[in-house]
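The values are calculated or read from the model by the stated rules, or taken from the named source; none is laboratory data. What you are looking at is a predicted structure, and each value in this text was computed from that prediction instead of being measured. Every residue, glycine as well, gets a Cβ built from its backbone with ideal geometry; the counts of neighbours run over all protein chains shown. Keep in mind that these areas ignore ligands, DNA and RNA; they rest on the heavy atoms of the full protein, side chains included. Shrake-Rupley method; radii C 1.70, N 1.55, O 1.52, S 1.80 Å.
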Amino acid sequence: MRALQAAIVLAGAILACISAARAETLVVATSTGTVNIASNFSGTDITVFGSIERDRATVSRASEYQIAVQVFGPGETVVTRRKQRGFGVWVNRDSRTYVDVPSFYAALTTGTIDQIGPPETLRRFQVGLEHLILPERSTGSPDDPAPGDPDFRAGFLRLKLHAGLYRELPGAVTFLSPTLFRATIPLPANVPVGQFRIQVGLFQEGVSLAQHTSAVVVSKTGFEQFMFDLAFTRPLLYGLGTVVLALLTGWFAGIIFRRD
């Protein structure tokens, strides 16, 4: 009996190894690993190059591959408020706090989002704005709106889209050959700083065949970086410096435009 159990376990291990050997893998590289933001920064592009590697024993697949390239910026906490009219003026009433949501998000695909796979697959890998996971935090008040309120989610996404920090780019991933592909990720001038996660997924007939994750760091450089660090590490010194600078600027302007 023990010999039979050992044989079954061994056979299962062999089949798993054969299955793993026949699976596709992704080889991905980015045009840069760091993006430096200086005073003249007006946005930039990051190009992702990828190759689909297959084992010799892999059987050719009948349908075409689908690629999804997603970019997740560093997490942030955002409060979305709902304005209501009261006593003749518009005031903020209900609110919803989104915790650790991507400060930047982009989804680039070979075709449309729904060509990647069914909704379950899209939700699992967060492909597209509709399937992006936005964790919420409630204050516990009975007046709080119900979790998952679509109005707050729609308002949050609308603000991010308007700022150019969230976007969907169907058709932005192009195949250079049956196994080589490329995608260009546009970063706006107001891109946040921090570590960005680039997730590349290979799909076919709604099934995930391979996933690859890499990172790109966006950081300020030069005088901007100095002032940014000073504001967060030594806020008192930063505040005194700004006051002194404002006084000197006003004094200098008064001398230039003084009328005798």
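Open to solvent by less than 30 Å² (accessible area, probe 1.4 Å), modelled with pLDDT of 95 or more and either out of contact with any Cys (no Cβ under 6 Å at 6 or more places or on another chain) or farther than 30 Å from residue 38 by Cα (or both), is that true of residue 172? No, not satisfied.
Would you confirm whether any residue within segment 119-136 is closer than 21 Å to residue 75 by Cα, open to solvent by 60 Å² or more (accessible area, probe 1.4 Å) and at pLDDT below 90?
Yes, segment 119-136 has at least one match.
Between 100, 151, 143, the distinction of being at pLDDT 90 or above and open to solvent by 90 Å² or more (accessible area, probe 1.4 Å) belongs to 100 only. Among the numbered conditions (1) over 12 Å from the mean Cα position of the chain (by Cα); (2) part of a strand (DSSP E or B); (3) surrounded by fewer than 16 Cβ atoms within 10 Å (Cβ to Cβ), the only one that residue 209 does not meet is (3). Scanning segment 192-201 for residues that are among the aliphatic types (A, V, I, L, M) and at pLDDT below 95 yields one hit, 193.
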